[in-house]
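Chemist: Pasting a structure here, questions to come.
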Amino acid sequence: MTDVALARRLAERTLALVDVPSVSRDEALLAGLVASFVPRGAFEERFADGEGFFYATPRRAGAPLVVLAGHLDTVPAQGNLPGRIEAGEVVGLGAADMKGGLAVMLELAAWIEAERPELAVDVGLLFFTREELAASESPLPHVFAACPELLEAGLAIVLEPTDNTIQAGCLGNLNATLTFSGESAHSARPWTGVNAIAAAVEGLYPLTRIPPRPVEVGGLVFTEVVSVTRIEGGVADNVIPDRVTCRLNYRFPPDRTVAEAEVSLAELVGDAGQLEITSSSPPGRVATGSPMLERLHVTTGFAVEPKQAWTPVAQFSEESVDAVNLGPGAPRYAHRRDERVAISALVTTFDALRRFLAVDAA
């Protein structure tokens, strides 16, 4: 296929996916469309339960399995549907995160069906729902349990937006509530009470001054950060508040477990207030020692960087599967009203992964 024809196909396929709304928990219509695009001559359906969908080329003895993975859902629309193609970009909800990545997966499947290339690996396609929600709502743990073939993968490539870099590992994520207590009183006589807002101002000050902390793991530098993301307190303009609650978000590198991160956050908070961990997601292991990752690096020529966020790479890591993020979208456009993906980036990702998958792909 010519570069022009490939670019047109990838752009049209991305736009077709964008134009099917698939906000988290409402992905069924898109799941049906994606399933219809998977060529059944080259790929066999191995698992489908309405939340996870796995297809693979026939398995060969001794051939490693590479799983290309992508989520079907998007964040809510912001007036960015339907999509459009303009100035060399596909613009619309989910274009970067991650319907451009899904389009590349499907175009690779079509290439395998049409060209029947000699593959260096067995190829799997995993599509799943509810990635944009809390990790506790992810279907992946159930999918892994119900389809153990996925755990045989030598490498999983999650096509999240990375601007065509290979992003290894990922940060862990803790959410917590920090509560400050006082004693309510009439605002005309504040000395008769204890103002919880004043306690919060004093207690939060050192937390907001904690600098980002670089941590090297597997030769990559991640940045540990703690942020105050929400604050709420007070019941009326003439009442000294007796309670203020704050939300903390703690992103920690893959050199510690969730339990260790909880201890670290408690140490950072100290006795400023009452801390309660409300949710947690583990970090993703840095797989820089993986032979399959080295092959990906060499054949694509893409830089290897740390993933300064949480992604499903962590869930593959929990199952002892090496995984990385690599996708055509630009992270700076994810979740924006003007979300977009460059058509040239779609072509670059496709060409790079085609070289990686094939024994000899021109």
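Chemist: Summing +1 for each Lys or Arg and -1 for each Asp or Glu, what net charge is found among the other residues whose Cβ lies under 15 Å from the Cβ of Arg340?
Modeler: -2
Chemist: How much length is gained on full extension from Glu149 to Ile277, taking 0.36 nm per residue of separation minus their Cα-Cα distance?
Modeler: 42.7 nm
Chemist: Where Lys and Arg each count +1 and Asp and Glu each count -1, what net charge lies around Leu275 among other residues with Cβ under 12 Å from its Cβ?
Modeler: Once all neighbours under 12 Å are counted, the net charge is -3.
Chemist: Follow-up. Using a basic spin-label model with each label point 7 Å from the Cα along Cα→Cβ, how many nm lie between Ala5 and Ala77?
Modeler: Here the answer is 3.4 nm between the modelled labels.
Chemist: Next question. If one puts a single equal scatterer on every Cα of the range 222-362 and applies the Debye formula without solvent, what log₁₀ I(q)/I(0) results at q = 0.14, 0.19, 0.20 Å⁻¹?
Modeler: -0.86, -1.21, -1.27
Chemist: Each label point is 7 Å from the Cα along the Cα-to-Cβ direction; what then is the distance between the points at Thr229 and Glu113, in nm?
Modeler: With each label point 7 Å from Cα toward Cβ, the separation is 3.9 nm.
Chemist: Just to be sure I understand the rule: take each whole DSSP H helix in the chain, project its Cα atoms onto its long axis, keep it if the span is 20 Å or more and its mean Kyte-Doolittle hydropathy is at least -0.5. Which ones pass?
Modeler: Answer set is 3-18, 100-115, 343-357.
Chemist: Oh, and also: If you take every DSSP beta bridge fully contained in the chain, what fraction is antiparallel? Give it as a percent rounded to 5.
Modeler: DSSP beta bridges in the chain are roughly 75 percent antiparallel.
Chemist: If you wrap a convex hull around the alpha carbons of the chain, what volume per residue comes out, as a whole number of Å³?
Modeler: 146 Å³
Chemist: Is the range 155-196 rounded, prolate or oblate when judged by the Cα gyration tensor, a ≥ b ≥ c being the square roots of its eigenvalues, rounded requiring a/c under 1.5 and prolate requiring a/b larger than b/c?
Modeler: prolate
Chemist: Continuing with the same structure: Put a dot 7 Å past each Cα toward the Cβ at His186 and Asn249; how far apart are the dots in nm?
Modeler: Once both label points are built, they end up 4.2 nm from each other.
Chemist: Further question on the same structure: So what is log10(I(q)/I(0)) for the range 172-281 at q = 0.12 1/Å, when the Debye sum runs over its Cα atoms only?
Modeler: Summing over Cα pairs of the range 172-281 leads to -0.47.
Chemist: Next question, about the same structure. How high is the FRET efficiency between Arg25 and Ala236 when r is their beta carbon distance and R₀ equals 45 Å, given to the nearest 0.05?
Modeler: 0.75
The numbers here are math on the coordinates, done by the rules we state, and not lab data. Note that the structure is a prediction, hence the values are computed from the model and not measured. Don't worry about glycine lacking a Cβ; one is built from the backbone with ideal geometry, like all the others, and counts go over all protein chains shown.
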